[in-house]
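Every read-out reported here was derived from the displayed coordinates using simple, explicitly stated rules and does not represent laboratory data. Just so it is clear, the structure is predicted and the values come from calculations on it, not from any experiment. Backbone-built Cβ (ideal geometry, glycine too); neighbour counts: all protein chains shown.
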Amino acid sequence: MKNDYLSLLDLEMSYFQPILPLKDFAGKDGQSLYKSLPFWRRNNLLPFIKEGGWGLEVSLSQLIWLRILDNLRALGYPVKDTEKVTDYFFKDAYFDDLPTKNLLQQKETLIKKQSKIKLDEFEQQMLVDIEYILGDKLLLYGLKFDISYLSDLVVWCVKMGKEAGVLIYPNGLVVEKRGEEFTNHSKAPFDVEAPHIYISIKGLLKEFVDNKELSNIVIPYLLEDEERLVLKELRKKNIKEIRILIQSEKIMRVDTQVQQTFTDEQAEQVKKILHLKNYEEVTISTRDNRTITFNRTTKNMTSGKTGSKN
């Protein structure tokens with residue numbers, strides 16, 4: 001990452017978004033990870049990724065899986081057993097309909113909390129988003145290609161701020177470590193003292209996020225396409241000007257000269273506004289002379305998205 005750590009909001013808002021340039025990441029052999037994609041694809045280790053489906057930019061979720069594959073190969077773990085590990089994390093999640101299960105569990109937790117105390121702004125928005133997603137079969141289907149037992153493990157690690165990892169045994173047996181607890185969703189018998197390869201989730205995340213901040217990250221947040229575009233341009237330091245109409249009808253304007261970039265404080269302010277959807281309209285002007293304007297969309301179970309986009 002060339003010492004360019006992701007901020008907490010970057011990671012929280014963009015875990016599944018392709019914003020990381022794959023050319024910047026090398027494998028254990030010193031070669032670009034991109035060169036290994038054809039081999040991994042041929043051996044069914046890139047689940048649900050079509051030919052040519054991985055481009056120059058990947059998500060953190062994808063990159064963590066590539067790091068696991070790279071480490072297993074460097075340690076000499078058999079490819080045929082690695083395919084079983086892949087099935088455990090990805091194929092099982094797909095057929096178990098893991099996204100729906102997770103959303104229903106989160107909804108139940110929020111409703112139970114709401115019956116006792118008032119939800120804060122973020123929790124209220126999360127409940128609205130969950131209701132919307134559960135009512136959108138097409139979106140739920142798309143999430144089945146992102147949400148996996150591996151992504152769940154990473155989310156748990158950063159949310160709880162505790163050690164998490166993967167124990168990989170001969171013949172493709174996988175055991176997940178969450179704090180002091182060891183689990184296997186397939187209910188296969190295991191012995192934690194038997195010889196195995198251990199891959200630490202926090203160890204993988206240290207490449208991207210300052211370790212002292214890991215315990216403060218919350219569950220990844222779903223963004224609109226335009227909001228992801230703003231985040232992507234911020235990461236590329238490609239924004240020249242941004243104007244945001246806040247719900248209080250005040251304008252926030254951030255200007256920079258062509259030779260300057262947004263400060264970290266300005267970028268964090270913008271991301272917090274997007275994170276809470278606390279805006280009515282956003283206009284961004286980029287250094288490549290593109291101007292994008294969009295209005296905040298509202299969501300509900302019956303009518304879906306409303307609002308205009310330009």
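Sequentially through region 102-108, phi angles give Karplus couplings (6.51, -1.76, 1.60; θ = phi - 60°) of 5, 5, 5, 5, 5, 4, 4 Hz, Gly and Pro residues having no value and appearing as x. Label positions at GLU180 and ASN238, each projected 7 Å from the Cα along the C-beta direction, are separated by 4.9 nm. Here GLN105 and THR293 are evaluated by their C-beta separation; at R0 = 45 Å the FRET efficiency comes out at 0.75. Near ARG67: Cβ cut-off under 14 Å, other residues only, Lys/Arg at +1 and Asp/Glu at -1. The net charge is 0. Stretched out straight at 0.36 nm per residue, the stretch from GLU280 to LEU245 would grow longer than its current Cα-Cα span by 12.1 nm.
For GLU281, the residues whose modelled amide H falls within less than 5 Å of its own, excluding neighbours fewer than 5 places apart on the same chain, are LEU245, ARG296.
Anything over 25 Å Cα to Cα? Flag those among LYS144/LYS187; LYS137/LYS177; LYS101/LYS159; LYS23/LYS206; LYS28/LYS206, in the order listed. Intermediate results must be reported in sequence, preceding the final value.
Working: LYS144/LYS187 22 Å; LYS137/LYS177 32 Å; LYS101/LYS159 18 Å; LYS23/LYS206 19 Å; LYS28/LYS206 16 Å.
Pairs exceeding the cut-off: LYS137/LYS177.
Per-residue packing, averaged as other Cβ atoms within 10 Å, sorts the ranges 59-65, 111-117 into the order 59-65, 111-117, beginning with the highest. Across region 186-200, computed HN-Hα scalar couplings (Karplus, 6.51 cos²θ - 1.76 cosθ + 1.60, θ = phi - 60°) run 7, 6, 6, x, 8, 10, 5, 8, 6, x, 7, 9, 10, 10, 7 Hz from first to last residue, x flagging Gly and Pro.
Counting Lys +1, Arg +1, Asp -1, Glu -1, what net charge surrounds SER148 among other residues with beta carbon under 14 Å of its beta carbon? Its environment carries a net charge of -4. Phi-derived couplings, Karplus 6.51 cos²θ - 1.76 cosθ + 1.60 at θ = phi - 60°, listed residue by residue for region 92-98: 4, 5, 4, 6, 7, 6, 4 Hz, with x used for Gly and Pro. The Cβ shell under 14 Å around SER115 holds other residues with a net charge of +3, Lys and Arg each +1, Asp and Glu each -1.
At R0 = 45 Å, how high is the FRET efficiency between LEU119 and ALA188 if r is their beta carbon distance? Nearest 0.05 is fine.
Details: r = 39 Å, r/R0 = 0.86.
After rounding, the FRET efficiency stands at 0.70.
Projecting label points 7 angstrom from Cα along Cα→Cβ for GLU83 and LYS159 puts them 3.3 nm apart.
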